[in-house]
1. When you go through (1) without any contact (Cβ under 8 Å) to a residue 12 or more places away in the chain; (2) among the polar types (S, T, N, Q); (3) open to solvent by less than 70 Å² (accessible area, probe 1.4 Å) one by one for Thr17, which number turns out not to apply?
2. Kindly provide the set of residues from the range 24-82 that are surrounded by fewer than 15 Cβ atoms within 10 Å (Cβ to Cβ), of a type in the set (Val, Ile, Thr) and under 14 Å from the mean Cα position of the chain (by Cα), ordered by number.
3. Cβ-Cβ under 6 Å, sequence separation 6+ or interchain: first residue in the range 56-70 and more than 16 Å from Pro6 (Cβ to Cβ), partner among the β-branched types (Val, Ile, Thr) and part of a loop (DSSP other than H, G, I, E, B). Which pairs?
4. Is there any pair with a first residue in the range 32-52 that is in contact (Cβ under 8 Å) with a residue 60 or more places away in the chain and a second that is outside any loop (DSSP other than H, G, I, E, B) whose Cβ atoms are under 9 Å apart and which are 6 or more apart or on different chains, and what are they?
5. Somewhere in the range 5-13, is a residue open to solvent by 70 Å² or more (accessible area, probe 1.4 Å) and in contact with an Asp or Glu (Cβ under 9 Å, 6 or more places away or on another chain)?
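The values are calculated or read from the model by the stated rules, or taken from the named source; none is laboratory data. Bear in mind that the values here come from a model prediction, so they are computed numbers and not experimental data. All Cβ positions, glycine included, derive from the backbone under ideal geometry; neighbour counts span all protein chains shown. These accessible areas exclude ligands, DNA and RNA; they are computed on the full protein's heavy atoms, side chains included. Shrake-Rupley method; radii C 1.70, N 1.55, O 1.52, S 1.80 Å.
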Amino acid sequence: PLPDAPTIDRSNGTILTGSAELGTTVTRSDSAGNALGQATVDANGQWSFTPVNPLPDGLVVQARAIDAVGNVSAPAAVTIDA
């Protein structure tokens with residue numbers, strides 16, 4: 001089965017946070033599919049990612065959870081509000 005879609009919290013672009021199933025990795029990309037990074041979900045089901053440069057206002061960020069065997073969840077999305 002596919003992992004549940006992660007949550008992604010509202011963000012001003014300096015840090016992205018959310019929650020996802022234990023044992024998954026959360027990947028993030030912009031609406032064009034460009035990779036923004038990934039984070040491992042911690043023991044509390046939380047993840048966070050700090051981009052090298054703050055993400056621009058209005059950018060739509062999508063997050064997907066990937067389990068240990070490569071199953072990919074449906075996306076969750078947030079629009080950066082700087």
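1. Here Thr17 meets the rest and fails (1).
2. Thr40, Thr50, Val60, Val72, Thr79
3. Close Cβ pairs (under 6 Å, with a partner that is among the β-branched types (Val, Ile, Thr) and part of a loop (DSSP other than H, G, I, E, B)) amount to Asp57/Ile80; Leu59/Ile80.
4. Within 9 Å, no pair qualifies.
5. Looking for residues that are open to solvent by 70 Å² or more (accessible area, probe 1.4 Å) and in contact with an Asp or Glu (Cβ under 9 Å, 6 or more places away or on another chain), one finds at least one in the range 5-13, hence yes.
Every residue, every condition in (1) part of a strand (DSSP E or B); (2) at positive phi, yes or no:
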{"residue": "Asn12", "(1), (2)": "no, no"}
{"residue": "Ser29", "(1), (2)": "yes, no"}
{"residue": "Gly33", "(1), (2)": "no, yes"}
{"residue": "Ala39", "(1), (2)": "yes, no"}
